[in-house]
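Heads up: the structure comes next, in structure tokens.
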Amino acid sequence: MSYNQDTIAAIATPNGRGGIGVIRVSGPDSVRIGLGLTNKVLEPRVATFSKFFGEADQAIDEGLLIYFRKPHSFTGEDIIELQGHGGRVVMEMLLKRVIQLGARQANPGEFSQRAFLNDKIDLTQAEAIADLIDSASQEAALASVRSLQGEFSQKINSLLDKLIRLRVLIEADLDFPEDDIEVSNNTQFQHLAKEILRDLDNILGGVREGVALSEGVALVLTGKPNAGKSSLMNALCKSDTSIVTDIPGTTTDVVKENAVIAGVPFRIMDTAGMRMAANEIEAEGLKRASAEIDRSDIILRLVDVSQMEPPYEVSPELRAEDPREMIVCNKIDLVKDLEIPEDYLTISAKTGEGLDELKQKLSEKAGISSASALTFTARSRHIEAIEETRLHMLKASELIEAPSSPDLVAEELRLSQKTLSRVTGAFSSDDLLGEIFQNFCIGK
């Protein structure tokens, strides 16, 4: 993917008042723009205190200017950073002057995009920058830093090295079948293919955890009217998000809120109670609830045990119907001598009893084994690429064991390498790159 090698600029600090505001400038005219602003010769990696001058040599602001000479900068281009006072008006005046001197307003994510295109970072590291900024929990932030430092990339690159090694061995047999060269036997091909498949499975587990941390887990609360869904929603979110009454059918629409549970970001949805609709409004609420259930990662079905009769273990209400489903027995504060089997979760959304255990179970259901120092952030597209790679590798492994034509094996290995390379961006379409970087904030 090519880009115009012009000079871009943007305010890199958030809107609002602050002690310091930063403007970032990157491109071939950065040094000239810095000279025009300060009338001073810039030294690389030296913080220079100066007035920042406007058109008529009138001072707009004063502060620090730092020059990073290419290629030793974030983007790989010449960069200057202006650190002035954090007022929005001052920052906009300074940015306007930078643009007058030859820069243009940067697009969202354009600085990170240039860093990627200049091989300063790969695509997983670029995505980790956005994930770090958007982190909803401490665990997610630390996982983003690990991805930014290249831990995820190293795992993918190590796997690519093994794939390339197998390709070389297979294609050596293919290209030089009659020549007196040392080639590996079919047993070694099988061993390498199975090793790659094991590595793919191991990485996939870590990637699923990473997606949960970076994109959040969709959790839908469902159950009969008055099962306590809204009370549980408020308890998990630690706020009065949903209206709670004793009147069945109080919640008629899907109520959404974000919460961090055991270090994992959740998108929680409280839905209308499941029953025959009494009117058109309730029918629409049930329709929307059904749609959210279809899209969810976890379905938490709440059961009001105060309305049940023992023996509880034979009740159809306590039977999971979907692998995504968790059945939770609520209102245990209203029942004496409760004899529900230990493998069922029991809580009181009103008193808080059992909520800590529920939160831990939700974290485990989301695929997060613990706040592991090995976890890194990832995206849904990474799962898709790795699963597609695994399909090609399974086919290659079957062909090797057959044994089949080396041409067919070589083609499946080529597709495996190409697909896996999409994770780090070695093979990525312009459309994919555009979609990724347009979701960044301006100035990053």
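What follows is calculated from the coordinates using simple rules that are stated; it is not laboratory data. None of these values were measured; they are calculated from a predicted model. Backbone-built Cβ (ideal geometry, glycine too); neighbour counts: all protein chains shown.
Quick notes on this structure:
- Cross-link reach is defined here as a Cα-Cα straight distance under 19 Å, omitting same-chain residues fewer than 8 places apart; for Lys395 the lysines meeting it are Lys162, Lys194, Lys418.
- Karplus (6.51, -1.76, 1.60) ³J(HN,Hα), θ = phi - 60°, over segment 88-105, in Hz, Gly and Pro reported as x: 5, 4, 4, 4, 5, 5, 5, 5, 4, 5, 4, 5, 4, 7, x, 8, 10, 5
- Distance between the pseudo-spin-label points of Gln58 and Glu364 (7 Å out from Cα toward the beta carbon): 6.8 nm.
- The convex hull of the Cα atoms of segment 8-121, projected and averaged over all directions, covers 6.4 nm².
- Interchain or long-range residues, amide H under 5 Å from Asp78's placed H: Gly27, Lys70
- Taking other C-beta atoms within 10 angstrom as a stand-in for reagent exposure, His382, His191 fall in the order His191, His382, fewest first.
- In nm, spacing of pseudo-spin labels at Asn39 and Val90 (7 Å Cα→C-beta vector): 2.1
- The H on the amide N of Glu325, modeled in the peptide plane, is under 5 Å from the matching H of Ile299, each at least 5 residues off or on a different chain.
- Charge dipole magnitude, Cβ of K and R +1, D and E -1 - segment 74-227, Cα centre, debye nearest 20: 1100
- Rounded to the nearest 0.05, the FRET efficiency derived from the C-beta distance between Gln438 and Ala402 at R0 = 45 Å is 0.50.
- The residue list Ile66, Ile79, Asn118 was ranked by how far each Cα lies along the charge dipole of segment 1-127 toward its positive end, using unit charges on Cβ atoms, and Ile66 comes out on top.
- Once backbone amide H atoms are built at 1.01 Å from N, Thr346 has Cys329 as its partners under 5 Å, excluding neighbours fewer than 5 places away on the same chain.
- Alpha carbon centroid spacing (whole Å) that separates segment 83-135 from segment 386-405: 43
- Once the chain from Thr187 to Lys238 is taken as fully extended at 0.36 nm per residue, the excess over their C-alpha distance is 12.5 nm.
- Residues in segment 105-123 that a label on Gln5 would reach, taking backbone N under 19 Å of a point 7 Å out along Cα→Cβ: 110-121
- Sites Leu204 and Gln105, calculated FRET efficiency, Cβ-Cβ separation with R0 51 Å, nearest 0.05: 0.80
- Of all lysines in the structure, those lying under 19 Å Cα to Cα from Lys224, and not within fewer than 8 positions of it along the same chain, are Lys256, Lys287, Lys331, Lys350.
- Hits among lysines - C-alpha to C-alpha of Lys51 under 24 Å, sequence gap 8 or more where chains match: Lys40, Lys96
- Taking every DSSP bridge with both residues inside segment 8-121, close to 90 percent are antiparallel.
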